[in-house]
Amino acid sequence: MDKNILDVIDMSELGRELQQARVRCGLTQEDAAKIIEVARTTLTAIEKGDRRIKADELVKLAHAYGHSVSDFVRPRPKVAISQPQFRGPSLRSPEDTEKVEPFVEKLKQLALNYFELEEITRMPLTRKYPPQYEIEGLEVEEAAETVAIEERHRLGLGDEPITKILRDILEQDVGLRIFYIPIQPAKFSAIYLFDHQIGGCIAINSNHPEERRRWSLAHDYGHFLVHRHKPTADIEDHYRRKPGSERFADDFALYFLMPTSGLIRRIKDIRRTKNGITLGDVCTLATYYGVSMAAMTLRLEGMKVLPTGIGDQIKKGGFKFREAQEKLGLVAIPSRDEELPSRYQYLAFESFIKGFITEGMFARFLGIDRLDARHLAEILQHQTEEVTDKAIIDESIDRLPGTLEDEG
Amino acid sequence: MKEIIFCHECIILDASLVINLCASGKMLEILKAIPSRVAVSDYVADREVLKVYTGPDGDEMRTKASVNLRPYIDSNLLAVVSPNSEDEYLDYVNFASELDDGEALTGAIAKHRNWSIGIDERKGTSFFTRETQQLQLVTTPDLIKHWADTDNSSLSILETIIRNRERRARYHPNSEHPLYTWWNNCGNFYCREY
């Protein structure tokens with residue numbers, strides 16, 4: 001190394017990052033100044049980039065702030081996701097804002113890590129974003145159904161239930177960055193952020209059952225399609241009137257997960273064999289479409305297939321969805337529960353296996369300890385080998401002379 | 001076959017190697033066999049999450065536990081060292097621009113005190129080979145082989161140690177390691193399970 005990193009690093013940038021880290025861990029400038037045994041004014045100068053920080057000071061501050069030194073000095077993408085301003089009813093109170101803040105921070109960090117791994121491996125994410133839909137002049141419900149139909153068409157989903165993992169579709173076929181993180185309190189369903197460099201990022205509350213997570217995902221996808229640049233934190237709240245953007249996202253989720261034409265076909269099939277729709281039928285449909293009983297009854301009420309208010313009655317009656325699924329022998333929709341997208345894990349693995357990052361960094365990117373990181377690397381290596389082997393087999397098959405039919 | 005010659009007064013161990021030594025179940029004996037002093041940085045001792053799988057044989061991954069370095073420190077077989085000069089701090093920060101903190105501090109201390117570095121980690125190894133050319137890099141197979149040669153260990157004990165490393169620390173030397181064949185021959189009964 002020819003130069004000292006502290007002689008060449010952008011001091012204003014470093015100062016800003018140190019200041020943000022200090023604030024995040026709740027320390028005052030006075031507290032931080034004591035840690036490195038300087039006057040508060042000196043610390044202010046360091047944070048402004050006016051006073052060059054010494055190596056031992058950086059080490060002490062980084063550790064006091066719960067960071068590694070590497071977090072501040074390794075070359076990272078020059079991206080700063082701006083602090084989202086949650087407006088209006090998307091966040092109800094300063095208390096809610098405070099509660100959701102650590103999870104917003106976590107989503108930002110994970111998205112930045114993902115982007116950093118793409119830069120390290122030089123494998124940028126392919127975005128297949130549709131242009132933002134214009135819905136002005138349309139009724140909310142009409143707009144939601146129109147956009148849902150167009151998106152289903154664009155993604156080749158037709159009007160059948162989405163039997164694949166929705167998360168995979170939105171990650172792979174759209175290029176969204178989706179993370180499943182446990183968010184507290186449980187009333188928070190999801191967080192959506194957009195940055196022009198990083199793209200669309202969604203955190204889904206992993207504590208929720210898969211049906212609800214799919215709903216939250218579809219809901220936030222609706223935001224992405226129509227209100228792309230507006231961050232949101234979704235809170236379950238039945239008691240307030242929702243703004244137009246939220247009603248759109250809800251309706252979009254409804255039509256995207258349960259498209260009208262396909263659902264009508266299924267209901268006709270049921271009616272062909274019997275007179276009415278039973279609770280078991282609703283349960284079967286909900287399972288088939290990967291939505292909750294509440295979502296399916298709401299949809300069927302909206303289609304006038306079920307009388308209004310039946311959903312509330314089912315809920316009050318203490319209907320147990322999981323038990324009913326078991327009794328009916330229904331298999332729940334598949335899910336992928338990992339916090340990180342599969343591609344994120346593979347990029348971290350690629351970086352590690354090619355020697356671009358250390359074992360410690362690999363573990364840190366994955367948010368696990370070194371031992372589990374080693375084990376995960378083994379699993380990913382094993383999977384990669386299997387895929388490679390399969391690729392070799394496929395390639396060999398391609399090279400074979402024509403089939404008997406061709407020759408015939 | 002490569003014979004290790006300890007050419008510095010002290011070896012400072014990185015986290016990757018500490019985990020592997022602990023997983024062997026023979027850390028005490030291996031440390032005793034090393035003719036030079038052995039140290040770890042305070043970062044590795046206090047801030048790294050060092051764990052090994054501790055489940056019963058055949059189901060090792062069922063449980064894991066934190067590595068306890070205290071017995072080795074109390075027996076004076078392992079010292080915990082901190083950066084003590086401006087140059088060490090400076091290189092800690094310099095190295096941290098490419099490595100994780102554990103590796104960076106380990107390398108910075110080794111560079112300024114002219115110590116060997118005990119490391120099993122690929123990126124760190126290539127970095128120190130480039131940046132601290134005068135320093136000796138030592139790996140887990142080096143230390144095990146040295147202990148085995150010194151102690152005249154039986155093949156069955158070696159097999160157990162190697163199996164423990166592989167199963168309890170998920171460590172296997174890469175195929176370019178000079179002792180790769182020796183390692184495999186010692187543990188050739190062992191079949192990896194996923």
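Within chain B, which is the longest segment containing none of the trypsin sites (Lys or Arg not before Pro) that sit in a DSSP loop and have at most 16 other Cβ atoms within 10 Å?
Counting only loop sites that pass the neighbour cut-off, the longest clear stretch is B:48-191.
Sort chain A into rounded, prolate or oblate with this rule: let a ≥ b ≥ c be the square roots of the eigenvalues of the Cα gyration tensor; rounded if a/c is under 1.5, and if a/c is not under 1.5, prolate when a/b is larger than b/c, oblate otherwise.
oblate
Please list, in chain and number order, the residues 5+ apart from B:Leu13 or on another chain whose amide H is under 5 Å from its amide H, with Hs placed from the backbone.
Hits under the 5 Å cutoff: B:Ala39, B:Val40, B:Ser41, B:Gly118.
Just the accessible area per residue of region A:182-232, please: how many Å² with a 1.4 Å probe?
Each residue of region A:182-232 exposes 26 Å² on average to a 1.4 Å probe.
Once a ≥ b ≥ c are taken as the square roots of the eigenvalues of the Cα gyration tensor of region A:116-176, is the result rounded (a/c under 1.5), prolate (a/b larger than b/c) or oblate (a/b not larger than b/c)?
In terms of gyration-tensor shape, oblate.
When a/c is below 1.5 the answer is rounded, else prolate if a/b is larger than b/c, else oblate, so apply that to region A:135-241 with a ≥ b ≥ c taken from the square roots of the Cα gyration tensor eigenvalues.
rounded
Could you derive backbone 3J(HN,Hα) for region B:166-171 from the dihedral phi with the Karplus parameters 6.51, -1.76 and 1.60 (θ = phi - 60°), listing whole Hz in sequence and x where the residue is Gly or Pro?
Result, rounded to whole Hz: 6, 8, 9, 10, 6, 10.
Tally Lys/Arg at +1 and Asp/Glu at -1 over every other residue whose Cβ is under 12 Å from the Cβ of A:Lys128; what's the total?
With Lys, Arg at +1 and Asp, Glu at -1, the neighbours total -1.
Using modelled backbone amide H atoms (1.01 Å from N, in-plane), which distant-in-sequence or interchain residues come within less than 5 Å of B:Lys64's amide H?
Long-range HN contacts for B:Lys64: B:Thr54.
Can you tell me the orientation of helix B:122-131 relative to chain B, as the angle in degrees between its alpha-carbon axis and the longest Cα principal axis, to the nearest 10?
40
Using a loss threshold of 20 Å², tell me which positions in region B:116-132 are less accessible in the complex than in their chain alone. Probe radius 1.4 Å, ligands and nucleic acids ignored.
B:Glu121, B:Arg122, B:Lys123, B:Glu131
Indicate the residues belonging to region A:60-78 that lose 10 Å² or more of solvent-accessible heavy-atom surface (probe 1.4 Å) upon moving from the chain alone to the assembly of all protein chains, ignoring ligands and nucleic acids.
Checking the loss per residue gives A:Lys60, A:His63, A:Ser68, A:Val69, A:Ser70, A:Val73, A:Arg74, A:Pro75.
Only four residue types carry charge here, +1 at the Cβ of Lys and Arg and -1 at the Cβ of Asp and Glu. Report the dipole size of region A:1-133 about the Cα centre in Debye, rounded to the nearest 20.
380
How much accessible area per residue does region A:24-82 have, in Å², with a 1.4 Å probe?
49
Give the accessible area for A:Leu155 in Å² (nearest 10); use a 1.4 Å probe, count only protein heavy atoms, and leave out ligands, DNA and RNA.
Accessible area, nearest 10 Å²: 30 Å².
Which lysines, on any chain, are close to A:Lys327 with Cα under 23 Å apart, when same-chain ones fewer than 8 places away are left out?
Straight-distance partners of A:Lys327: A:Lys274, A:Lys315, A:Lys316.
Any lysines with Cα under 22 Å of the A:Lys3 Cα? List them, leaving off those in the same chain fewer than 8 positions away.
Partners within reach: A:Lys54, A:Lys60, A:Lys78, B:Lys111, B:Lys123.
With every protein chain kept in place and ligands, DNA and RNA left out, what is the accessible area per residue of region B:61-167? Probe 1.4 Å, answer in Å².
For region B:61-167, the solvent-accessible area averages 40 Å² per residue.
Please give the solvent-accessible surface of A:Ser335 in Å², to the nearest 10, using a probe radius of 1.4 Å with every protein chain present.
50
When chain A is modelled as a GNM with alpha-carbon springs shorter than 10 Å, which of A:Ala253, A:Ala373, A:Ala33 fluctuates the most?
Checking each option, the largest mean-square fluctuation is seen for A:Ala33.
Could you sort B:Trp115, A:Trp215 by accessible area so the largest value comes first, with the probe set to 1.4 Å?
Correct descending sequence by accessible area is A:Trp215, B:Trp115.
Taking θ as phi - 60°, what are the ³J(HN,Hα) couplings along region B:59-69 by the Karplus curve (6.51, -1.76, 1.60), each to the nearest whole Hz, with x for Gly and Pro?
Those phi angles translate into 9, 4, 7, 5, 10, 9, 9, 5, 6, 10, 8 Hz.
Step through the residues of region B:146-155 one at a time and calculate ³J(HN,Hα) from phi using the Karplus curve (6.51 cos²θ - 1.76 cosθ + 1.60, θ = phi - 60°), rounding each to whole Hz and writing x for Gly and Pro.
Computed from phi, the couplings for region B:146-155 are 4, 5, 4, 5, 5, 8, 6, 5, 6, 4 Hz.
What does the charge count near A:Glu301 come to, summing +1 for each Lys or Arg and -1 for each Asp or Glu among other residues with Cβ under 13 Å from its Cβ?
Net charge around A:Glu301: +2.
Give the percent of DSSP beta bridges with both residues in chain B that are antiparallel, rounded to the nearest 5.
Bridges in chain B are about 20 percent antiparallel.
Can you send over the carbon and sulfur percentage of the accessible area for chain A, probe radius 1.4 Å, protein chains only?
53
So which residues in region A:337-382 end up with at least 50 square angstrom less accessible surface once the other protein chains are there, compared with the chain by itself, probe 1.4 angstrom?
A:Thr358, A:Asp369, A:Arg370, A:Leu371, A:Arg374, A:His375, A:Glu378
How much accessible surface area, in Å² rounded to 10, belongs to the heavy atoms of A:Met123 with a 1.4 Å probe?
Rounded to the nearest 10, the figure is 80 Å².
For region A:1-69, which trypsin sites (Lys or Arg not before Pro) pass both filters: DSSP loop (anything but H, G, I, E, B) and at most 11 other C-beta atoms within 10 Å?
Those satisfying the criteria are A:Lys3.
At 1.4 Å probe size, with the rest of the protein present, what percent of the exposed accessible area of region B:101-181 is carbon and sulfur atoms?
Answer for region B:101-181 is 45 percent, counting heavy atoms of protein chains only.
What helices does chain A hold that run 18 Å or longer along their axis, going by alpha-carbon atoms, with a Kyte-Doolittle average of -0.5 or more, using DSSP H for the helix calls?
A:244-257
With a 1.4 Å probe on protein heavy atoms only, work out how much accessible surface B and A bury together, total over both chains, in Å² to the nearest 100.
3200
The values are calculated or read from the model by the stated rules, or taken from the named source; none is laboratory data. Keep in mind that what you see is a predicted model, and the values were worked out from it rather than measured. Positions of Cβ are backbone-derived with ideal geometry, glycine not excepted, and every protein chain shown enters the neighbour counts. Note: accessible area is taken over every heavy atom of the protein model, side chains too, but ligands, DNA and RNA are not part of it. Shrake-Rupley method; radii C 1.70, N 1.55, O 1.52, S 1.80 Å.
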